[in-house]
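Undergrad: Okay, here's the structure, questions in a sec.
Every read-out reported here was derived from the displayed coordinates using simple, explicitly stated rules and does not represent laboratory data. The shown structure was predicted, so the numbers you read here are calculated from the model rather than taken from an experiment. Cβ atoms come from the backbone with ideal geometry, glycine included; neighbour counts cover every protein chain shown.
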Amino acid sequence: MTTLPRAVTLPAIKDHIVDTDWSALSFGERVRHLEVEGYIVIPDLLDAGLVEELRRQLKEVSVQATDYTDKKLYHNDIQLTGGAITDLVAHEPTIAFLRRLFGGEPIMMTYDYSRSEPGCPAINLHCDGWPRLVRVLYYLEDLTPEVAPSGLCRART
């Protein structure tokens, strides 16, 4: 008879504030954090003027609700919008980081916009089966315990 190992209960991560000094990490430390934790934060990647321009433009974008929550709205293929939103595809600081990470030119798979309201379920980290796929998320608002998606380890920016 085979005995299965006893289930291990992990402590829930709730309202955990990540206090990593992201700007102090070397490139290698960022890659390690990405590999181990599944994410990194690159502070000040977008300057304040660009963030405001994106916010203004996104107010005019039509969105639709997801089928799993009323707390998340989206617009697929946002690259077709034009302006700052389209230009963000080739944002040089992001592309430079991805070139260094992958050792070559990155390829954009999809480019969508989503707006998560407080109480929205967190994004599950996954790779969709691709061995070298990175999801780039630009947060145009700081994540705080009041506005971050539910269950998300919140990062101080």
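Undergrad: Given the Cα-Cα distance of residue 71 and residue 135 and 0.36 nm per residue of separation, how much length would full extension add, in nm?
TA: Additional length available on full extension: 21.0 nm.
Undergrad: With r as the distance between the Cβ atoms of residue 61 and residue 91 and R0 = 25 Å, compute the FRET efficiency 1/(1 + (r/R0)^6) and round to 0.05. Walk me through the intermediate numbers first.
TA: On the way: r = 18 Å, r/R0 = 0.72.
Using R0 = 25 Å, I get an efficiency of 0.85.
Undergrad: Same structure, new question: Subtracting the Cα-Cα distance from 0.36 nm times the residue separation, let me have the gained length for residue 114 to residue 100 in nm, one decimal.
TA: Working: separation 14, 0.36 × 14 = 5.04 nm, distance 2.71 nm.
Extra length from residue 114 to residue 100 when fully extended: 2.3 nm.
Undergrad: Taking amide H positions as placed in the peptide plane 1.01 Å from N, state which residues far from residue 72 in sequence (5 or more) or on other chains have amide H under 5 Å from it.
TA: Result for residue 72 returns 66, 117.
Undergrad: Treat each spin label as a single point 7 Å out from the Cα along the C-beta direction, and report the residue 31 to residue 80 distance in nm.
TA: With each label placed 7 Å out from Cα toward Cβ, I get 3.7 nm.
Undergrad: Something else now. Binning every alpha carbon pair distance of the stretch 47-86 at 5 Å from zero, what are the percents per bin?
TA: Bin by bin from 0 Å, the calculated values are 6, 21, 25, 22, 16, 8, 2.
Undergrad: Oh, and also: Where does each of 59, 71 land when they are ranked from fewest to most other beta-carbon atoms within 10 angstrom?
TA: Numbers: 59 7, 71 16.
Listing 59, 71 from fewest to most nearby Cβ atoms yields 59, 71.
Undergrad: OK, next. Suppose each label sits 7 Å from its Cα in the direction of the beta carbon; what would the residue 42-residue 146 distance come out to in nanometres?
TA: 3.0
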